[in-house]
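Read through the structure below, which is laid out as C-alpha cells, and then see the notes.
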Amino acid sequence: MTALTGHHSQDWKPVKNHEDGYLINSDGVVYSLKTGKVLKSQIQKEYRTIWLSPKRYPIHKLVYTSFHGLIPDGKVINHKDSNTLNNSIQNLEAVTRRENTHHGYSKRNQTSKKTGVCWNKDKKKWVAQITIDGKQKYLGSFSEEEVAYCVVLGAMKDNKIESKYA
C-alpha cells in the first residue's frame, strides 16, 4: 500500500458495500485494493463523486456510511461548513431534510443568520416564513429581526416542527 504513505495519518476503513475492493479515509480519499492506487474523483452538481463499478457515488455518503454505518431513515448527510467539497468525517452529520434545507438556506442567505428570517430590500423589513408540508408559509414582515425570529419559533412550535438549526 505504498500509495497510502502520503495519507498515513488518516484513518482508513473499507468502503461500505465495496469492502473487498476499496478503502476510504476520513477525508474522503478512496484507495483501490486491486490497483494499489488512490482513485481520482470528479465534481458533479457541486459534489465530489467517485466511480466504483458499476456506478458513481457521492463521496460524502461513502465517508459517512463507512465510518458511521447506514444513514438513518429520514435523514440526509449535511456538510456542516456548507462546503460540499469538504468530505471530512468531522464535517458530515446526519440531519433531517428540513434541517439540511434550513442549514443550506441560512448559509446562502447571509441577510440573517436566523432560520426562517430574511431581509426584504423593497419593504425594508425582516420577513418571517416557514415550510409546512413542503409549502412556504409567509408569517409577516417586521422592523426587527429578533421579532421576526420569535414569530418563526412560535410557528414552528405550533406546528410541531423541530430543527437543530432553529
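Annotations
- Residue within segment 128-135 that is among the hydrophobic types (A, V, I, L, M, F, W, C), touching a Ser or Thr at 6+ places or on another chain (Cβ under 8 Å), surrounded by 12 or more Cβ atoms within 10 Å (Cβ to Cβ) and outside any helix (DSSP H, G or I) present: yes
- Residues in segment 44-62 that are over 16 Å from the mean Cα position of the chain (by Cα) and either outside any loop (DSSP other than H, G, I, E, B) or modelled with pLDDT of 95 or more (or both): Ile50, Trp51, Leu52, Lys55, Arg56.
- Subset tally (residues that are touching a residue at least 24 places away in the same chain (Cβ under 8 Å) and not hydroxyl-bearing (Ser, Thr, Tyr)) for segment 120-145: 4
- Checked against (1) modelled with pLDDT of 95 or more; (2) at negative phi; (3) within 25 Å of the chain's Cα centre (by Cα), Gly28 passes all but a single condition, namely (2).
- Tyr47 being under 16 Å from Pro14 (Cα atoms) and touching a strand residue (DSSP E or B) at 6+ places or on another chain (Cβ under 7 Å): no
- Taking the listed residues Thr65, Thr101, the one that is touching a residue at least 40 places away in the same chain (Cβ under 8 Å) and part of a helix (DSSP H, G or I) is Thr65, with no other qualifying.
- Exclusive hit being modelled with pLDDT under 90, assigned to a loop (DSSP other than H, G, I, E, B) and either not assigned by TED's automatic domain parsing to the domain that holds Thr131 or not acidic (Asp, Glu) (or both), set Asn83, Asn87: Asn83
- Hits in segment 13-34 - residues which are in a loop (DSSP other than H, G, I, E, B), of a type outside the set (Gly, Ala, Ser) and surrounded by 11 or more Cβ atoms within 10 Å (Cβ to Cβ): Val15, Lys16, Asn17, His18, Glu19, Asp27, Val29, Leu33
- Candidate set: segment 2-12, residues that are assigned to a helix (DSSP H, G or I) and polar (S, T, N, Q); chosen: the one modelled with the highest pLDDT: Thr5
The values are calculated or read from the model by the stated rules, or taken from the named source; none is laboratory data. It should be emphasised that the depicted structure is a prediction, and the values quoted were computed from it without experimental measurement. Glycine also receives a Cβ, built like all others from the backbone with ideal geometry; neighbour counts cover every protein chain displayed.
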